[in-house]
Amino acid sequence: NHTLLWSHYADGHCGCAIEVSVPYSKIREISYSEELRFIEMPVCPEDLLSIKSIVWQYEKEYRIFSTKQFISVKINRVIFGIRVSKEDFQFYQKLIKAINPSIDVEQIKKEDIFDGFTNS
């Protein structure tokens with residue numbers, strides 16, 4: 001529900017967010033740093049890929065590491081942005097429900113958006 005995430009990753013509320021469940025995998029919480037650090041080699045790739053600049057801290061990101069090229073996930077919910085038209089939302093809602101009726105489909109409401117400073 002963070003407006004910057006919707007802006008960066010869902011085409012300014014014209015796209016969607018997909019909530020998934022991930023089977024047990026190596027999941028790491030991202031560390032956010034105020035300064036760039038030089039890392040001594042050799043380093044574990046997971047350590048290197050688990051650090052980002054503090055400017056991205058609002059993402060509260062986790063990353064999944066696996067030796068497999070693909071992992072199976074379960075789609076729980078699809079949330080459409082506030083700029084998705086009513087007609088498009090209804091079309092995708094019907095399509096998703098036809099594919100898998102257990103997936104929740106909803107459209108975010110303006111009052112649910114958090115911009116990082118206020119909740120309006």
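Couple of notes before you dig in:
- All conditions in (1) in contact (Cβ under 8 Å) with a residue 24 or more places away in the chain; (2) under 30 Å from residue 105 (Cβ atoms) hold for residue 32, with the sole exception of (2).
- Residue 89 being open to solvent by 60 Å² or more (accessible area, probe 1.4 Å) and more than 29 Å from residue 38 (Cα to Cα): no
- Contact annotation: residue pairs with Cβ atoms under 6 Å, 6 or more positions apart or on different chains, pairing a residue in segment 104-118 that is in a loop (DSSP other than H, G, I, E, B) with a partner that is modelled with pLDDT under 80 and open to solvent by less than 70 Å² (accessible area, probe 1.4 Å), are 113/3; 115/3.
- Taken together, the residues in segment 67-96 that are touching a strand residue (DSSP E or B) at 6+ places or on another chain (Cβ under 6 Å) and either within 20 Å of residue 3 (Cα to Cα) or assigned to a loop (DSSP other than H, G, I, E, B) (or both) amount to 6.
- Applying the condition of being β-branched (Val, Ile, Thr) and open to solvent by 70 Å² or more (accessible area, probe 1.4 Å) to segment 13-29 and asking which residue is farthest from residue 111 (Cα to Cα) yields 27.
- Residue in segment 32-52 that is polar (S, T, N, Q) and open to solvent by 50 Å² or more (accessible area, probe 1.4 Å) present: no
- The lone exception for residue 10 - which of (1) among the small types (Gly, Ala, Ser); (2) surrounded by fewer than 15 Cβ atoms within 10 Å (Cβ to Cβ); (3) modelled with pLDDT under 85 it fails: (2)
- Given (1) assigned to a strand (DSSP E or B); (2) open to solvent by 90 Å² or more (accessible area, probe 1.4 Å), number of the condition residue 101 does not satisfy: (1)
The values are calculated or read from the model by the stated rules, or taken from the named source; none is laboratory data. Please read these numbers as outputs of a predicted model, since none were measured by experiment. Positions of Cβ are generated from backbone atoms using ideal geometry, with glycine treated the same way; all protein chains shown enter the neighbour counts. Note: areas computed on protein heavy atoms with side chains; ligands, DNA, RNA excluded. Shrake-Rupley method; radii C 1.70, N 1.55, O 1.52, S 1.80 Å.
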